[in-house]
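Here the structure comes first, spelled out in structure tokens, and everything after it is commentary.
The numbers here are math on the coordinates, done by the rules we state, and not lab data. Small disclaimer: the values here were computed from a predicted structure and weren't measured. Cβ placement follows ideal geometry from the backbone for every residue including glycine, while neighbour counts extend to all protein chains displayed.
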Amino acid sequence: MKKAINVVVAGIGGQGVLKGTDILADVALRAGYDVKKSEIKGMSQRGGSVTGDVRFGDRVFSPMVPGGEADFLLVLEPTQVEPHRYMLRAGGVLITPDAVDASRLPNRKTLNVALLGTLSSHLPMAEDVWLEALRAGFAESFHEGNRTAFLAGREGRKAAGIKP
Amino acid sequence: MKESKRLLLSGDEAIALAARDAGVALGAGYPGTPSTEILEAFAGYGGRAQWSPNEKVAMEVTIGAAFAGARALCTMKHVGLNVASDPLFTAAYTGVSGALIVVSADDPGMASSQNEQDNRRYAVAAGIPMLEPSDSQEAYDFMFAAIEISERWKIPVLFRVTTRVCHSYTVVQPHETAEPLRAASFERDIRGRVMIPPHARPAHRRLRQKLAAMQEWNESCRLNHIVEGSNSLGIITSGISFMHVREAAPDARVLKLGFTHPLPMNRIAQFAKSVGRCQVIEEGDPYLADAIRAAGIPVEGKPEIYRFGELDVPRVRRILSNDISPEPAKPPGKPPQLCDACYYRIVFESLRKRDCIVAGDIGCYTLGVLQPFEAMDTCVCMGASLGVGLGLRHVLPPDQARRVVSVIGDSTFLHTGINGLVEMVYNPPQTGHVLIILDNSTTAMTGHQEHPGTGRTLLHEPAGKVVIEDVARSLGIRRVHVIEPRSGTDDFDRLLAECLDSSELAVIIARRPCILIAKQLKQYEDQRCECPGASQAAGDCAIPGSPAPLSP
Ligand SMILES: Cc1ncc(C[n+]2csc(CCOP(=O)(O)OP(=O)(O)O)c2C)c(N)n1
């Protein structure tokens, strides 16, 4: 992959934004890519907005996605769509909670994982690598719920008939 | 640790792992974004790590360890080095027997800091060598180099990182351990270690000789390297800026500096000569550009507007095209707020209601400045609430002076507020003074670290405990109140009114565990009560978590 893929994940504290970027970065690492992940931790626990950038490819330099160059923008909280839209490149893909059928999620906490599922259907990494990373990234007791959410997100798009 | 393993580590974790692999015997520091995770990770990797009450003490503890011949690591955020600079400057004279690595984690752009000072200036001011890694692999590798330099020249090394290096995760391949350790052992060296003027004068000369020798060594040091490219554009850079440069100007010839004080001026001069245009790209102050130009080497610095904030790829592109047009404003994020159930809300409501003039401090409670409270009037640096509040009281007309209150957190009180309390007793204002200590039994702002007032170590194990009310009473303050602010009562508000009216010195300790970790705190306390080793502190077990009596 000569040109690195740029993903920005945004939301507010407590939604698992950073957990989402952890998993994505781990998947890219497992798939053998150079990976960089950048996040601004500050007062995220106090309900402030949180964003994380993940870039992967043959070689990545800056850890930060330049504005207007994100291939994918994942937003967990609808109010955070507009503030982050400028990050997307022309033709980039916006993924919001609308991408998944909420009734198929085991609980609301798994939204981050479900949106990763949606993202995964656009990316070259194999499904089992994603599931491995999910298993490694959470306590075992969460795995079934996460798997369900991930697959709901991954299939949600297919059901909607959008081509990767 | 296997040679081939690829790990995705933050810069902080990479520093910690290298410290472990290089046999660092002791890590000490004080929490502060973006440095906090270094000691936490070091402890997680099995290293011996401890929080000190403040950065100055951490520096002194690690100087002691390095005097004894051990490898020591001292970590702090950039402003922490202001607090710790006194011991550092003279440790540059005394030197060390082992290794002393001082990590300064700077925060250009102020993701979570009160200023964006550029601590590269400290390396120059103190006269110590400085290394600046650009990613986690370099953070790992440079730690070994820093230890080598520290041991070779017997001098503390400033390991300067920035938020994006600390908090970005990049791939690290760890390698074998460093040179074998010598066992710590005391060797008397009175002339070298006791800095009275007759010893310090030659020590200063020795320091300058060391710097000259290091500069010579740096000319061919492997920590600096050239990325080949077109000679029409040459870029001199360091730290995270190097990464932005590689992306913004993939065809440029780049001199990447890793060992940035004392600078390898001959190498820089050669490089500048080898290229057409020579541009310096650096975040923050024009440290490199000024030094290089002062050495008579013609290079271009960045326009002044790029002194402010972080650099990124688009900003580097703008610098390269000399674009000084106004930059597009980033849309504001959602600001943090006091948690809905945080008891600080009760305190700030009361301060607002009584129209207090609030000398504030740094911690979660600084959020009391935001709506709906807007109940903070000053915030300078950690511990300043006391001194600033007292100064206000001294000179304001009595009707205003009587409304001045200092507000400080428990961790911040023990950091440097405690000195202000001594000042309050020693130089009391005529109208008295009221200090509110918000004791939530943790250092919440930086992610819930322990401190001497919690009675637990960095790893949350039982330790000696400083009881804040005992400290205040021992200084002779008669009005020391401990209260648990609760909604639905006006107990706190009445107590505050009473103290304000008394015109005496008063300390109100508003104590209730941080709700974000209340459960965890309860567990730690239960363990503490069970632990036979903590018998001395057993009497304190009832305090956090249970309503404290309203004592006069
Ligand atoms: C010299 C210095 N060191 C560290 C910091 C980072 N820092 C800001 S506030 C704070 C402590 C906050 O703890 P506390 O006073 O207990 O208040 P809380 O956040 O728990 O309300 C720290 C470590 C700083 N700003 N300055």
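The lysines whose alpha-carbon is closer than 18 Å to the alpha-carbon of B:LYS519, local same-chain residues fewer than 8 away aside, do not include any residue.
Rounded to the nearest 20, the Cβ-based charge dipole of chain B about its Cα centre (Lys and Arg +1, Asp and Glu -1) stands at 1160 debye. For segment B:7-218, the percent of C-alpha pairs falling in each 10 Å distance bin, counted from 0 to the bin holding the largest distance, reads 9, 38, 38, 13, 1, 0.
Take B:64-76, B:428-440 and order them by the average number of nearby Cβ atoms within 10 Å per residue, most first; the result is B:64-76, B:428-440. Here chain B is scanned for GluC sites (Glu not before Pro) in DSSP loops (not H, G, I, E, B) that have at most 11 other Cβ atoms within 10 Å, and the longest stretch holding none of them is B:229-552. Applied to segment B:251-260, the Karplus parametrisation 6.51 cos²θ - 1.76 cosθ + 1.60 on θ = phi - 60° returns per-residue 3J(HN,Hα) values of 9, 6, 8, 10, 9, 9, 9, x, 9, 9 Hz, with x for Gly and Pro. With R₀ fixed at 35 Å, the C-beta to C-beta distance from B:GLN270 to B:PHE308 puts the FRET efficiency at about 0.65. Among B:TYR344, B:TYR30, B:TYR287, the order by Cβ neighbours within 10 angstrom, fewest to most, reads B:TYR287, B:TYR344, B:TYR30.
Give the order of A:VAL35, B:VAL380 when sorted by the count of other beta carbons within 10 angstrom, beginning with the fewest. By the 10 Å Cβ count, ascending: B:VAL380, A:VAL35. B:ARG152 label point, 7 Å along Cα→Cβ, cut-off 20 Å on backbone N: hits in segment B:230-266? Output list for this probe position: B:239, B:256-266. Can you give me the C-alpha center-to-center distance between segment A:117-143 and segment B:456-503, rounded to a whole angstrom? Their Cα centres are 49 Å away from one another. Shielding by partners for peptide A:12-21, expressed as the average number of C-beta atoms from other protein chains within 10 Å of each residue's C-beta, is 1. Peptide B:333-345 is shielded by partner chain Cβ atoms: per residue, an average of 4 of them sit within 10 Å of its Cβ. Using the Karplus relation 6.51 cos²θ - 1.76 cosθ + 1.60 with θ = phi - 60°, the per-residue 3J(HN,Hα) values for segment B:118-126 come to 9, 6, 4, 4, 5, 4, 5, 5, 7 Hz, with x marking Gly and Pro. Residue by residue, segment B:53-64 carries 3J(HN,Hα) couplings of x, 7, 5, 5, 5, 4, 4, 5, 4, 6, 4, x Hz when phi is fed to the Karplus relation 6.51 cos²θ - 1.76 cosθ + 1.60 (θ = phi - 60°); x denotes Gly or Pro. Decide, for chain A, between rounded, prolate and oblate: order the square roots of the alpha carbon gyration tensor eigenvalues as a ≥ b ≥ c, take rounded if a/c falls under 1.5, and otherwise choose prolate if a/b is larger than b/c, else oblate. Rounded, since a/c falls under 1.5. Taking the longest Cα principal axis of chain B as reference, the axis of helix B:11-21 is set at about 80 degrees.
Past the 21 Å Cα-Cα mark, which pairs from A:LYS19/B:LYS334; B:LYS210/B:LYS256; B:LYS77/B:LYS210; B:LYS77/B:LYS522; B:LYS56/B:LYS77; A:LYS36/B:LYS5? Violating the 21 Å Cα-Cα cut-off are B:LYS210/B:LYS256; B:LYS77/B:LYS210; B:LYS77/B:LYS522. With the largest listed first and rounded to whole Å, the semi-axes of the equivalent ellipsoid of segment B:1-127 from the Cα gyration tensor are 22, 19, 12.
The alpha carbons of segment B:209-335 occupy a box of 51, 34, 24 Å along the principal axes, longest dimension given first. Neighbour counting of Cβ atoms within 10 Å sorts the residues B:CYS381, B:CYS166, fewest neighbours leading, into B:CYS381, B:CYS166. Over chain B, Cα pairs under 8 Å with separation of 6+ residues give a relative contact order of 11 percent. Taking amide H as placed 1.01 Å from N in the peptide plane, the amide H of B:ARG456 sits under 5 Å from that of B:HIS451, B:ALA463, each at least 5 places away or on another chain. Take each residue of peptide B:442-449, count the partner chain Cβ atoms within 10 Å of its Cβ, and average: the result is 2.
When the label point is put 7 Å from the Cα of B:ALA329 along its Cα-to-beta-carbon vector, which residues of segment A:50-71 have a backbone N closer than 14 Å? In segment A:50-71, the label zone of B:ALA329 (backbone N under 14 Å from the point 7 Å along Cα→Cβ) covers no residue.
Note on B:HIS199 and B:CYS381: their simple-model spin labels are 2.7 nm apart, each label 7 Å out from Cα toward Cβ.
Only four residue types carry charge here, +1 at the Cβ of Lys and Arg and -1 at the Cβ of Asp and Glu. Report the dipole size of the protein assembly as shown about the Cα centre in Debye, rounded to the nearest 20. Roughly 1040 debye for the protein assembly as shown. Computed with the Debye formula from one identical point scatterer per Cα of chain B, without solvent, the log10 of I(q)/I(0) at q = 0.09 Å⁻¹ comes to -0.74.
Diagonalising the gyration tensor over the Cα atoms of the protein assembly as shown and scaling each eigenvalue by 5 before taking the square root yields semi-axes of 41, 36, 25 Å, largest first. A simple spin-label model places the labels of B:TYR426 and B:ARG208 3.5 nm from each other, with each point 7 Å out along Cα-to-Cβ.
If you line up the long axis of helix B:491-502 against the longest principal axis of chain B, both from Cα atoms, how many degrees apart are they, to the nearest 10? Roughly 90 degrees, rounded to the nearest 10. The dipole here belongs to segment A:5-159: it is taken about the Cα centre, uses +1 on the Cβ of Lys and Arg and -1 on the Cβ of Asp and Glu, and is about 200 debye.
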